[in-house]
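Since every read-out is calculated from the coordinates, none of them should be taken as a lab result. In this text the structure is predicted, and so the values were computed from the model without any measurement. Cβ sites come from the backbone with ideal geometry, for glycine too, and all protein chains shown count toward neighbours.
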Amino acid sequence: MEDQINAFTEFGGYDLNLDQQDMQDLYDFITGTDAAGNNYFAKALSDPKILVQTAWFALNGKQMIDDITDYFQKEITQVR
């Protein structure tokens, strides 16, 4: 898990600039548990709204980021 978090430096061509605290927060959310022993990530995914949003993002998130990036790059080019 740590290797994947350390390697998660960009998404959709966008540099994430994750600092150590960002990476630790991600690791803690994925692997950590609350006082009752419930995994934070599993608990989040037990909410149907979060589950659907996460599934949609897994399927379409990269394309969405790419589309937004392309749009703003074109807008910036037109302004210049």
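Being outside any loop (DSSP other than H, G, I, E, B) and of a type in the set (A, V, I, L, M) is the filter; apply it to the range 1-37 and report the residue that is surrounded by the fewest Cβ atoms within 10 Å (Cβ to Cβ).
Taking the range 1-37 as the starting set, the residues that turn out to be outside any loop (DSSP other than H, G, I, E, B) are 2-7, 10-11, 14-15, 20-31, 33.
Now restrict to residues that are of a type in the set (A, V, I, L, M): 5, 7, 23, 26, 30.
Numbers: Ile5: 17, Ala7: 8, Met23: 15, Leu26: 16, Ile30: 14.
Step by step, filter the range 1-37, then rank; the result is Ala7.
Within the set of pairs 6 or more residues apart or between chains, which connect a residue that is aromatic (Phe, Trp, Tyr) inside the range 1-22 to a residue that is outside any helix (DSSP H, G or I) with Cβ atoms less than 9 Å apart?
Pairs found: Phe8/Leu16; Phe8/Leu18.
Give Lys49, Lys43, Lys62 a once-over and let me know the one that is assigned to a helix (DSSP H, G or I) and touching a strand residue (DSSP E or B) at 6+ places or on another chain (Cβ under 8 Å). I'd like the intermediate steps shown before the answer.
On the way: Lys49 fails: touching a strand residue (DSSP E or B) at 6+ places or on another chain (Cβ under 8 Å); Lys43 fails: touching a strand residue (DSSP E or B) at 6+ places or on another chain (Cβ under 8 Å).
Of Lys49, Lys43, Lys62, the one residue that is assigned to a helix (DSSP H, G or I) and touching a strand residue (DSSP E or B) at 6+ places or on another chain (Cβ under 8 Å) is Lys62.
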